Amino acid sequence: MLIEIGSRRGGFLAHLAERNPDAECIGIEYRATWAREARESARRRGLDNLRYICADAREVVRHLLMPEEVDEVYVLFPDPWHKKRHLPRRLLQPGFLRDLSRIMKRGAPLYILTDIADYARCIERDLLEVADLEPLPESLWPDESDWGPSRKDRYPRLPEEVVIRVFRRRPVHLAAGS
Ligand SMILES: C[S@@+](CC[C@H](N)C(=O)[O-])C[C@H]1O[C@@H](n2cnc3c(N)ncnc32)[C@H](O)[C@@H]1O
């Protein structure tokens with residue numbers, strides 16, 4: 001199972017679903033208009049391995065998905081919430097990352113892209129706080145061309161500086177405190 005969190009209109013996940021016809025692909029998007037649009041577009045493209053859940057990803061990850069169920073997780077350009085008083089709204093925080101790691105299979109990768117340097121630093125710090133996640137060696141990163149259209153095609157106005165973080169759930173279970 002491949003999941004994308006914050007899938008918006010679903011363009012990226014539709015490409016993944018096309019390239020991985022045997023994988024179950026799930027987009028989680030809490031804005032109903034976008035989730036509905038994404039579902040319609042998947043239906044028109046005949047992608048029956050692609051589903052969308054319209055809900056808060058924090059609830060879905062915590063209550064709907066099973067432990068060690070997910071093979072790959074994508075979080076592309078999560079909302080940065082720049083204002084100081086809005087920082088608690090940021091999705092990628094240690095508690096959520098811990099919940100996320102539980103639904104990932106051992107060794108499963110978590111791909112995160114952001115063009116906001118400050119958020120990238122916070123995400124990196126928070127990822128390193130989760131004992132069950134570790135950075136994926138760069139030599140094991142997939143070629144981004146495998147993800148479908150290039151980032152520039154998908155986001156023509158994106159600045160050059162995009163930070164990519166790839167972590168994975170540790171392949172081997174760590175004893176508590178280790
Ligand atoms: C900045 S957009 C990025 C969209 C898409 N990933 C992209 O790269 O174009 C962030 C998306 O995450 C969704 N989102 C934010 N918080 C969410 C949450 N807690 N649960 C589900 N979706 C969420 C927003 O509605 C929005 O579609």
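The values are calculated or read from the model by the stated rules, or taken from the named source; none is laboratory data. None of these values were measured; they are calculated from a predicted model. Virtual Cβ from ideal backbone geometry, glycine too; neighbours counted across all protein chains shown.
In region 13-35, the condition of being among the acidic types (Asp, Glu), more than 20 Å from LEU65 (Cα to Cα) and over 18 Å from the mean Cα position of the chain (by Cα) is met by no residue. Condition first: assigned to a helix (DSSP H, G or I) and either under 19 Å from LYS105 (Cβ atoms) or more than 16 Å from the chain's Cα centre (by Cα) (or both). Can you find one or more residues in region 72-80 that meet it? No, region 72-80 contains no residue that is assigned to a helix (DSSP H, G or I) and either under 19 Å from LYS105 (Cβ atoms) or more than 16 Å from the chain's Cα centre (by Cα) (or both). Count of region 6-48 residues, restricted to those that are closer than 21 Å to LEU100 by Cα, more than 16 Å from the ligand (Cβ to nearest atom) and either of a type in the set (S, T, N, Q) or surrounded by fewer than 15 Cβ atoms within 10 Å (Cβ to Cβ) (or both), is 0. Evaluating ARG121 against the criteria (1) under 17 Å from VAL162 (Cα atoms); (2) touching a residue at least 24 places away in the same chain (Cβ under 8 Å); (3) surrounded by fewer than 16 Cβ atoms within 10 Å (Cβ to Cβ) leaves one unmet condition, (2).
Across region 95-115, not a single residue is classified as in contact with a Cys (Cβ under 9 Å, 6 or more places away or on another chain) and crowded, with 16+ Cβ neighbours inside 10 Å.
For the residues LEU140, LEU97, LEU91, the requirement of being closer than 12 Å to PHE167 by Cβ and at pLDDT 95 or above singles out LEU97. Kindly provide the set of residues from region 49-64 that are out of contact with any Asp or Glu (no Cβ under 7 Å at 6 or more places or on another chain), outside any strand (DSSP E or B) and surrounded by 21 or more Cβ atoms within 10 Å (Cβ to Cβ), ordered by number. Residue satisfying the conditions is ALA57 alone.
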